[in-house]
Amino acid sequence: LVANAAIAVYTRLRQIETWPAGIEVKDQFGDVYLKVDVEESQKIDEIIRPNGEFNSYNDPAGLLPEVVEDERVVIFSQFKQPLREIKRRCDEAGISAVIFDGDTPSDVREQIQIDFDARTKREDPSYESKWDVVLCNYRVGGVGVNLTDATQMIILDEEWGPGKRDQAYDRIHRMGQEKPVTIHVLRDSGTIDEWLEKIIFEKEKMIDGFHNV
């Protein structure tokens, strides 16, 4: 029980760092009795700012509008709500984006896998991509999906362990990828992000220790 409570707290802290408005607390009957009404996120602003606003460095738009001019992008989060907020901002900015999570219909999932597989264009040079960006939930898009036509990845919030993290990275950095790839990991300093980074590093050292035995 103590472990489960701790995980719940860590999860809430991670939600606060991504999109606080996605936090809902339900009672035993499934009714929401607490909802956070804070629609702000420094991380999402760094990816794509609302209404073309400028950040503190006077840079407009954010990372995403810059990279989609030349490359396709995969964005990962374990939470649905921030992915939907990014999708809303993409629509607002005229960037074609699609969500790939547990709510995505099976036929759309198939279209996404075809659309973001580099083999599709190699086999049919006349094929035109449908989307610039795919917004993935780890559970659905993090394993067994080929997204090698994308060469940019943005990690909104990291997976708990290096194994699952590397599985997500491998969606664009795997056999069939013929171009250089860039992976951006967003971490807010002085927050749960830095704590999790240390946990992942310690797990990596432990795994390497077993391999070297």
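The values are calculated or read from the model by the stated rules, or taken from the named source; none is laboratory data. On a predicted model such as this, the values are computed, not experimentally measured, just so you know. Every residue, glycine among them, receives a Cβ derived from its backbone with ideal geometry; neighbour counts consider all protein chains shown. Side chains included, ligands, DNA and RNA excluded: accessible areas come from the protein's heavy atoms. Shrake-Rupley method; radii C 1.70, N 1.55, O 1.52, S 1.80 Å.
Only residues that are touching a Lys or Arg at 6+ places or on another chain (Cβ under 7 Å) and surrounded by fewer than 18 Cβ atoms within 10 Å (Cβ to Cβ) were counted across segment 150-187, and they come to 2. Residues in segment 35-59 that are open to solvent by 90 Å² or more (accessible area, probe 1.4 Å) and over 24 Å from His184 (Cβ atoms) were compared, and the one that is modelled with the lowest pLDDT is Lys35. Would segment 146-154 turn up any residue that is more than 23 Å from Leu83 (Cβ to Cβ) and without any contact (Cβ under 8 Å) to a residue 40 or more places away in the chain? No - not one qualifying residue is present in segment 146-154.
In segment 99-146, the residue that is surrounded by the most Cβ atoms within 10 Å (Cβ to Cβ) out of those that are outside any loop (DSSP other than H, G, I, E, B) and among the small types (Gly, Ala, Ser) is Gly141. When restricted to residues that are touching a Ser or Thr at 6+ places or on another chain (Cβ under 9 Å) and within 18 Å of Leu63 (Cβ to Cβ), segment 158-185 contains 4.
Out of Asp188, Asp157, which single residue is modelled with pLDDT of 90 or more and closer than 30 Å to Ser129 by Cα? So the residue among Asp188, Asp157 that is modelled with pLDDT of 90 or more and closer than 30 Å to Ser129 by Cα is Asp157.
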